[in-house]
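Below is one structure, written out as structure tokens, with a few remarks after it.
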Amino acid sequence: MKKTASDKLSDRLVKAFLKNKIISPLPSRYTKKLIEADKFRKICESKINLPIIGFKAGGTALAVMKKLKEKEPFYASVYKRNLLKNGSTISKNKSTLGIELEVSYLIKKEFFNYKKIITKKNINKFISHIAPSIELVGYRQKKKGIKSFGDLCSDFGGNIKFVLGKKKKYKKINIRNCKTVIENLNHKHKTFGNTNTVYINPLNSLRFVLNKLKKDKIILDKDFYVFTGSTVGVVPIVGKGLYVGNINKVGNVKAYIK
């Protein structure tokens, strides 16, 4: 059976994902509209036989959402091989956009047995732990910048690596308005942020992802992480060195960029 254009392009992107390679940009018809980009992402993910460790929310910055005329964020799978321990070293390339500082949640696998919609009232019972994380954001394509959410969504959500900070047992805490900061210690460069820039707040972003998983009938047989989106935007990498992120009430996370 002859392969479609979508199949051929997804094969190329999947190979780039698996081999850590960079390919030429996807045609705009797969990236301009989020609905088409999401379909393409799902095709790509269906071709990868690797353990999924969790999911990320993307496009959660309210200002960017308004600018790009999008009504909601998107989500993508996060594979186990791309989740690193606190203090790990990660490598950037020419298609790296920057790094993000996020609130992450560990969700109990019992979530998948729950048949109802996730709400503000019932979401807390599914959360096991909370942690800060750093995400390295970028493409597997020779392209720069973000023209649409579809640019990132179609390319596995734009996630390259995640570094997970120390987890702590979840308690019902208010993180709607927590100060955050990420700093390059070698270059004395700081970027400040706030949890209230993340799709109202990280818990609301988590709720969005969980309900999307239900709608798409995604099921895992283990606890999983949800990375809820950047509290500081996409921070350009000003140079190699140690980056330290802090989220008030949540904790610290470190990553060495080379």
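Does K125 fit the bill of being among the basic types (K, R), part of a strand (DSSP E or B) and on the phi < 0 side of the Ramachandran plot?
No, not satisfied.
Could you check K161 against (1) surrounded by 18 or more Cβ atoms within 10 Å (Cβ to Cβ); (2) basic (K, R); (3) without any contact (Cβ under 8 Å) to a residue 12 or more places away in the chain and say which number it fails?
Looking at each condition in turn, K161 falls short on (3).
Looking at segment 162-258, what strands (runs of 3 or more DSSP E) fall wholly within it and have at least 3 residues that are over 24 Å from K42 (Cα atoms)?
179-184, 189-194, 241-247, 251-257
Residue by residue through segment 182-215, note down the ones that are of a type in the set (K, R) and closer than 17 Å to S133 by Cα.
K190 - this is the single residue of segment 182-215 that is of a type in the set (K, R) and closer than 17 Å to S133 by Cα.
For segment 26-41, how many residues are free of Cβ contacts under 8 Å to residues at least 60 places away in the same chain and β-branched (V, I, T)?
The qualifying residues number 1.
Pick from K147, K143, K125: which is among the charged types (D, E, K, R) and over 28 Å from I35 (Cβ atoms)?
Answer to the check: K125.
Within the group E110, E100, which residue is under 15 Å from the mean Cα position of the chain (by Cα) and acidic (D, E)?
Exactly one of E110, E100 is under 15 Å from the mean Cα position of the chain (by Cα) and acidic (D, E), namely E100.
Please specify each residue of segment 141-161 satisfying the condition of being in a loop (DSSP other than H, G, I, E, B) and either modelled with pLDDT of 95 or more or within 13 Å of the chain's Cα centre (by Cα) (or both).
D155
Hey, can you tell me all the residues within segment 56-97 that are in contact with a helix residue (DSSP H, G or I) (Cβ under 7 Å, 6 or more places away or on another chain) and hydroxyl-bearing (S, T, Y)?
T60, Y75, S77
Check every one of the strands (runs of 3 or more DSSP E) wholly within segment 1-97 and list those with 3 or more residues that are hydroxyl-bearing (S, T, Y) and more than 17 Å from G150 (Cβ to Cβ).
The strands (runs of 3 or more DSSP E) meeting that bar number zero.
Does segment 214-221 include one or more residues that are crowded, with 16+ Cβ neighbours inside 10 Å, modelled with pLDDT of 95 or more and in contact with a Phe, Trp or Tyr (Cβ under 7 Å, 6 or more places away or on another chain)?
Checked against the condition, which is being crowded, with 16+ Cβ neighbours inside 10 Å, modelled with pLDDT of 95 or more and in contact with a Phe, Trp or Tyr (Cβ under 7 Å, 6 or more places away or on another chain), segment 214-221 yields at least one hit.
Within segment 98-111, identify whether any single residue is touching a helix residue (DSSP H, G or I) at 6+ places or on another chain (Cβ under 7 Å), among the β-branched types (V, I, T) and either modelled with pLDDT of 95 or more or in a loop (DSSP other than H, G, I, E, B) (or both), and answer yes or no.
Yes; the residues of segment 98-111 include at least one that is touching a helix residue (DSSP H, G or I) at 6+ places or on another chain (Cβ under 7 Å), among the β-branched types (V, I, T) and either modelled with pLDDT of 95 or more or in a loop (DSSP other than H, G, I, E, B) (or both).
Looking only at segment 8-51, how many residues end up being in contact with a Lys or Arg (Cβ under 7 Å, 6 or more places away or on another chain) and of a type in the set (A, V, I, L, M)?
6
The values are calculated or read from the model by the stated rules, or taken from the named source; none is laboratory data. This structure is a prediction, so every number in the text was calculated from the model and none was measured. Cβ atoms come from the backbone with ideal geometry, glycine included; neighbour counts cover every protein chain shown.
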